[in-house]
1. Could you look through the range 9-24, keep only residues that are loosely packed, with under 12 Cβ neighbours inside 10 Å and among the aliphatic types (A, V, I, L, M), and pick out the one that is modelled with the lowest pLDDT?
2. Restricting to the range 19-51, give me the number of residues that are among the hydrophobic types (A, V, I, L, M, F, W, C) and in contact with a helix residue (DSSP H, G or I) (Cβ under 6 Å, 6 or more places away or on another chain).
3. Exactly one condition in (1) surrounded by 12 or more Cβ atoms within 10 Å (Cβ to Cβ); (2) at pLDDT 90 or above; (3) of a type in the set (A, V, I, L, M, F, W, C) is not met by Ala4; state its number.
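The values are calculated or read from the model by the stated rules, or taken from the named source; none is laboratory data. Computed from a predicted structure; not experimentally measured. We place every Cβ from the backbone using ideal geometry, glycine too, and count neighbours over all the protein chains shown. Keep in mind that these areas ignore ligands, DNA and RNA; they rest on the heavy atoms of the full protein, side chains included. Shrake-Rupley method; radii C 1.70, N 1.55, O 1.52, S 1.80 Å.
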Amino acid sequence: VAEAALDLAAKKGHWVILQNIHLVAKWLGTLEEKLAEHAENSHPDLRVFISAEPAPSPEGHVIPQGILENAIK
C-alpha cells in the first residue's frame, strides 16, 4: 500500500506520510530504493514525511543510513 501511494504521489505531486517506519525494518531497504528512484524523476510537488521512534541504543538503529542522510530534519 505504501509503495503504491509513493508511486501515485510521485506522478501527481501529492504528499505521503509514512508513520512509525521503525516497525517495518524488513521493508526499509525497499523504501530507501523507492525514495532514491523518486528523488530524480518525480513531480516537483512530491513531499514524503517520515516518522520513527528513536532507537534506545546506537546498536538498535534499523533505519538505513541513506534515508537518514537524505532527510531534512
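1. Looking at residues that are loosely packed, with under 12 Cβ neighbours inside 10 Å and among the aliphatic types (A, V, I, L, M), I get Leu23.
2. Qualifying residue count for the region: 2.
3. The one condition Ala4 does not meet is (1).
Yes or no, residue by residue, for (1) in a loop (DSSP other than H, G, I, E, B); (2) in contact (Cβ under 8 Å) with a residue 40 or more places away in the chain; (3) open to solvent by 100 Å² or more (accessible area, probe 1.4 Å); (4) closer than 20 Å to Asp7 by Cβ:
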residue: Leu28; (1), (2), (3), (4): no, no, no, yes
residue: Ala39; (1), (2), (3), (4): no, no, no, yes
residue: Phe49; (1), (2), (3), (4): no, no, no, yes
residue: Pro56; (1), (2), (3), (4): yes, no, yes, no
residue: Glu59; (1), (2), (3), (4): no, no, yes, no
residue: Leu68; (1), (2), (3), (4): no, no, no, no
